[in-house]
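Student: Quick one: the structure is below, and I'll ask about it shortly.
The values are calculated or read from the model by the stated rules, or taken from the named source; none is laboratory data. In this text the structure is predicted, and so the values were computed from the model without any measurement. Methodologically, a virtual Cβ is constructed for each residue, glycine included, from the backbone with ideal geometry; neighbour enumeration extends over all protein chains shown. What goes into the accessible areas is simple: the full protein's heavy atoms, side chains included, and nothing from ligands, DNA or RNA. Shrake-Rupley method; radii C 1.70, N 1.55, O 1.52, S 1.80 Å.
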Amino acid sequence: YRTIKGADGRGIAGLSEGGFGAANLGLKNRAEFGVIGSFSGYFKMFPEDAKQLDSNDTRMLIQENSPALYLPNLRGKMPAFYLFVGEQDKDFLESEKQFAGQLSSLHVTHEFHTYPGKHAWSLWGKHLSGFFIFASAHLE
């Protein structure tokens, strides 16, 4: 699809593991993405996922691919973040809250929302429009 060249015209988003991927790829490619959305996502690579990548150094692989771990070391312009999660999503609620706290402490532009619901399409579909409104306000 055609896009505006550069970060001011592009966003990346995903849900659950896709939210992790969007945050990781978006932060590693800040010159390409001006907005990142993570919906019921997480921000630290699971050790079992790192082991499946057949790496010699699982700990380094986790550090290098866990936005919650490397975010404090990043310098320069940061993308704006839009995060939301279901209040009954026990596996991901705390991760989203903690990452939103990191963004706040680092003065990164973001919105964080919790809504009634679980880790399900019914939650994501109902609240996805908030991301598009946010993205349109932060992109050209």
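Student: When segment 101-130 is examined, which residues are found to be more than 14 Å from the chain's Cα centre (by Cα), within 20 Å of Ile12 (Cα to Cα) and charged (D, E, K, R)?
Tutor: The one that is more than 14 Å from the chain's Cα centre (by Cα), within 20 Å of Ile12 (Cα to Cα) and charged (D, E, K, R): Lys126.
Student: Name the single residue, out of those in segment 104-140 being of a type outside the set (Gly, Ala, Ser) and free of Cβ contacts under 8 Å to residues at least 24 places away in the same chain, that is most open to solvent (accessible area, probe 1.4 Å).
Tutor: Trp121
Student: Give segment 88-101 a look and list any residue that's in contact with a Pro (Cβ under 8 Å, 6 or more places away or on another chain) and open to solvent by 40 Å² or more (accessible area, probe 1.4 Å), or say none.
Tutor: Gln88
Student: How many residues, within segment 94-140, are among the polar types (S, T, N, Q) and part of a loop (DSSP other than H, G, I, E, B)? Walk me through it before giving the result.
Tutor: Of the residues in segment 94-140, the ones among the polar types (S, T, N, Q) are 95, 98, 102, 104-105, 109, 114, 122, 129, 136.
Now drop any that are not part of a loop (DSSP other than H, G, I, E, B), which leaves 109.
Residues in segment 94-140 being among the polar types (S, T, N, Q) and part of a loop (DSSP other than H, G, I, E, B): 1 in total.
Student: Phe92 versus (1) touching a residue at least 60 places away in the same chain (Cβ under 8 Å); (2) in contact with a helix residue (DSSP H, G or I) (Cβ under 7 Å, 6 or more places away or on another chain): which is the lone unmet condition?
Tutor: It is condition (2) that Phe92 fails.
Student: List every residue pair whose Cβ atoms sit under 7 Å apart, with the two residues 6 or more apart in sequence or on different chains, where the first one lies in segment 62-86 and is without any contact (Cβ under 8 Å) to a residue 40 or more places away in the chain and hydrophobic (A, V, I, L, M, F, W, C) and the second, anywhere, is open to solvent by 30 Å² or more (accessible area, probe 1.4 Å) and outside any helix (DSSP H, G or I).
Tutor: Ala68/Lys44; Leu69/Lys44
Student: State all residues of segment 27-40 that are of a type in the set (Gly, Ala, Ser) and within 16 Å of Ala135 (Cβ to Cβ); if no residue qualifies, say none.
Tutor: Initially, segment 27-40 is screened for residues of a type in the set (Gly, Ala, Ser), giving 31, 34, 37-38, 40.
Residues satisfying the conditions are Gly34, Gly37, Ser38.
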